[in-house]
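All of the numbers you see were taken from the coordinates with simple rules; none came from a lab. Since the model is a prediction, treat every value here as computed from it, not as a measurement. Cβ sites come from the backbone with ideal geometry, for glycine too, and all protein chains shown count toward neighbours.
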Amino acid sequence: MSPSLRRRLPALAFVTPLLVYLTAFYVYPLYRNLDLSLRDYTVRSFVAGDAPFSGWANFRTVLDDPTFGPALRHTVVFTFVSIAFQYVIGLALAVFFNRHFRLSTVLRALFLIPWLLPLIVSASTWSWMFNSESGVVNYFLHFLGVGPVGWLTSPDWALTSVIVANIWIGIPFNLVILYSGLQNIPGELYEAAALDGAGAWQQFRRITFPLLRPVSAITLLLGLVYTLKVFDLIWIMTKGGPGDASATLATWSYQLGFGTLLPRFGPGAAVGNMLILIALVFGLLYVRVQRRQEA
């Protein structure tokens, strides 16, 4: 054994478990999903493993499906409205808690509850709150003289309901990341700005927000990737309904692959690959923006 190879063996020993993990839980599933989308799978051929190659037929089937347009539109609305409100509210709370007043630590811990709860618990709670007949939201609307609203049963309100629930769940994540970013901004900058007569809004606009851009970028990117693939929250609350009123690409992919007695594995995998591609595009865009900022 050569001396150079002997020196590399410890490094290879440390890297090998990571490579095995990545291959087993990332590379192979991605390969299988791509293979599913390029073949005409049925339940029999899925078990036997002899599905014929169909090329881009599954993708054409998905694009020609009347559900594709609404699902894509709902995905865009659900994703960008959710991350916009999560970021704005999370940033406002982070700035608020950055003052270090009494009980700020306790209140910060309480705001983490939505993030720590199992998603099935959060979704079930919001389903109960938005229940048309016994939900607490309609109960309070009754005292305001507003009639009952079919939050989860009306095509006009179903998507709004799941967006509200997702915003509530995602605010703590934005709060934690942005608060940590605020801790890295030197206090001397605020002291100098105050001596120059800058008010609270000017300090935020000239100091806080610009210096938080790197943290904000990664927060928004992670929020985007996570929100694109949100499935369980929507499925528990509305199952993508009524009709397709709250269906997104994630719920539609599951519905195609597992939601019927005759699963359509190929089209379902094709929709999943579209989501992966969208997330990859935004990830590459983030890397490019970061390189420009560092240059």
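Per-residue 3J(HN,Hα) values for the stretch 252-260, derived from phi via the Karplus relation 6.51 cos²θ - 1.76 cosθ + 1.60 with θ = phi - 60°, read 5, 4, 5, 4, 5, x, 9, x, 10 Hz in sequence order (x marks Gly and Pro). Projecting the Cα atoms of Phe53, Val164, Leu22 onto the dipole axis of the chain, where Lys and Arg carry +1 and Asp and Glu carry -1 at the beta carbon, places Leu22 farthest toward the positive end. Residues in the stretch 167-173 carry Karplus couplings, in order, of 4, 4, 6, x, 4, x, 4 Hz; the curve used is 6.51 cos²θ - 1.76 cosθ + 1.60 with θ = phi - 60°, and Gly or Pro positions show x. The residues packed around Ser246, meaning those with a beta-carbon under 12 Å from its beta-carbon, carry a net charge of 0 if Lys and Arg are +1 and Asp and Glu are -1. Within the listed set Asp196, Asp35, Asp232, the residue fluctuating most in the Gaussian network model of the chain (springs between alpha-carbon atoms under 10 angstrom) is Asp196.
Extension gain for Arg44-Arg213 works out to 55.7 nm (0.36 nm per residue, less the C-alpha to C-alpha distance). For the stretch 151-254, a simple Cβ point-charge model (Lys and Arg +1, Asp and Glu -1, everything else neutral) yields a dipole of about 140 debye relative to the Cα centre.
Taking amide H as placed 1.01 Å from N in the peptide plane, Arg39 has its amide H under 5 Å from the amide H of Ser54, each at least 5 places away in sequence or on another chain. The H on the amide N of Val230, modeled in the peptide plane, is under 5 Å from the matching H of no residue at least 5 residues off or on a different chain.
If you take all other residues with their beta carbon under 11 Å from the beta carbon of Asp40, and give Lys and Arg +1 and Asp and Glu -1, the sum is +1.
Remark on the chain: ratio of C-alpha radius of gyration to 2.2 N^0.38 Å is 1.25.
Mind ordering 105-116, 57-68 by average Cβ neighbours within 10 Å, highest first?
Put in order of decreasing packing, that is 57-68, 105-116.
With the charge dipole of the chain set up from +1 on Lys and Arg Cβ and -1 on Asp and Glu Cβ about the Cα centre, the Cα lying farthest toward the positive end among the listed residues Gly243, Pro114, Leu195 is that of Leu195. Using θ = phi - 60° in the Karplus curve 6.51 cos²θ - 1.76 cosθ + 1.60, the 3J(HN,Hα) couplings for the stretch 88-98 round to 5, 5, x, 5, 4, 5, 5, 5, 4, 6, 5 Hz; x is entered for Gly and Pro. The distance linking the stretch 38-54 with the stretch 70-122 is 43 Å (Cα centroid to Cα centroid, whole angstrom). Placing unit charges on the Cβ atoms of the charged side chains and taking the dipole of the chain about its Cα centre, the candidate lying farthest along the positive direction among Leu224, Gln255, Phe140 is Leu224.
Counting only Cβ charges, +1 for Lys and Arg and -1 for Asp and Glu, the dipole size of the chain around its Cα centre is about 920 debye. A Stokes-Einstein calculation at 37 °C with viscosity 0.692 mPa s, built on the Kirkwood radius of the stretch 106-228 over Cα pairs, returns a diffusion coefficient of 188 µm²/s.
Once both labels are positioned 7 Å from their Cα atoms along Cα-to-Cβ, the gap between Phe258 and Asp196 label points is 5.6 nm.
Extension gain for Thr105 to Ala92 (0.36 nm times residue separation, less C-alpha to C-alpha distance): 3.1 nm.
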